[in-house]
1. Highest GNM mean-square fluctuation, the chain, Cα pairs closer than 10 Å: which of Pro156, Pro42, Pro23?
2. Roughly how many debye, to the nearest 20, is the charge dipole of region 109-237 about its Cα centre, given +1 on each Lys and Arg Cβ, -1 on each Asp and Glu Cβ, and no other charges?
3. Sequence gap at least 6, Cα distance under 8 Å: using those rules, report the relative contact order of the chain to the nearest whole percent.
4. In debye, nearest 20: dipole of region 47-147 around its Cα centre with unit charges on the Cβ of K, R (+) and D, E (-)?
5. Mind checking which of Ser222, Ser28, Ser126 has the largest fluctuation in a GNM of the chain, springs on alpha carbons under 10 Å?
6. Would you mind getting the Kirkwood hydrodynamic radius of the chain from its Cα pairs, rounded to one decimal in Å?
7. Taking Cα centroids, how far is region 126-146 from region 70-120 in Å?
8. Please work out whether region 26-80 counts as rounded, prolate or oblate from its C-alpha gyration tensor, where a ≥ b ≥ c are the square roots of the eigenvalues and a/c under 1.5 means rounded, while otherwise a/b larger than b/c means prolate and anything else oblate?
Amino acid sequence: ERVRTEQIRKDFVGNVSHELRTPLTVISGFVENMQADNDSLPVQWRKPLDLISEQAGRMRHIVEDLLLLARLESASVEAPRDPVDPVDMLESIARDGRSLATEQQQIEVSIETDAWLLGDGGLLRSAVTNLMVNAIHHTPDGGRILLALQETPEGPRIRVQDTGEGIAAEHIPRLTERFYRVDAGRSRERGGTGLGLAIVKHALQKHGAKLEIESRIGEGSSFSCVFPRERRIPGPQ
């Protein structure tokens with residue numbers, strides 16, 4: 001009964017998310033058309049239309065994340081075993097991150113192994129990008145964000161470490177729950193959907209990997225994607 005109830009919940013979320021895409025697209029389309037004719041637009045309509053556009057965009061992001069989660073949860077097969085170059089992936093993600101970060105935030109890459117990974121490159125990139133975006137949002141100006149590829153006794157590890165505000169210990173076990181936020185108000189202000197870490201967890205599970213979280217208030221956080229050794233291959237020489 002518990003399994004059946006859980007499946008009904010997943011189906012419901014997936015179906016509702018899919019049905020929301022069309023009305024959101026229509027709303028956004030009309031708002032964009034009205035904003036395009038800005039010269040003839042009454043002044044008192046401009047701010048409301050900006051707010052509608054902003055909130056419709058936020059809803060689209062939530063819907064897309066929910067649909068991705070639904071796909072990850074419904075697919076019982078593990079991720080493919082395609083060769084993935086983690087060095088190229090981390091450097092590309094860091095470049096994207098620097099365009100989002102402030103000039104006072106440093107984003108660095110550290111490569112400590114020549115290991116490649118066997119997996120789904122798109123899923124892995126999505127997972128690490130979510131971790132990096134979270135780090136940017138929670139790291140003040142002057143802080144440092146490190147993307148590292150390391151070797152552990154268990155297997156390769158991709159680590160995203162920041163010098164941000166940190167997370168209290170009681171919140172850490174719940175961080176990968178859907179919509180769980182340590183500070184709901186600040187998360188909404190930053191445009192977060194509350195689904196990023198849930199996506200990371202499920203993406204890693206498809207690879208037989210796990211997410212390890214370490215954090216202390218005022219000292220920053222570390223999110224590690226630890227892969228099993230069977231997902232490791234030597235990089236090309």
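The values are calculated or read from the model by the stated rules, or taken from the named source; none is laboratory data. Keep in mind the model is a prediction, meaning the values are calculated, not measured. Here the Cβ positions follow ideal geometry from the backbone for every residue, glycine too, while neighbour counts run over all protein chains shown. Each accessible area value is taken on the protein alone, full model and side chains, heavy atoms only, with ligands, DNA and RNA left out. Shrake-Rupley method; radii C 1.70, N 1.55, O 1.52, S 1.80 Å.
1. Of Pro156, Pro42, Pro23, the most mobile in the Gaussian network model is Pro42.
2. The dipole of region 109-237 has a size of about 400 debye.
3. 20
4. 380
5. Ser28
6. 19.6
7. 13
8. prolate
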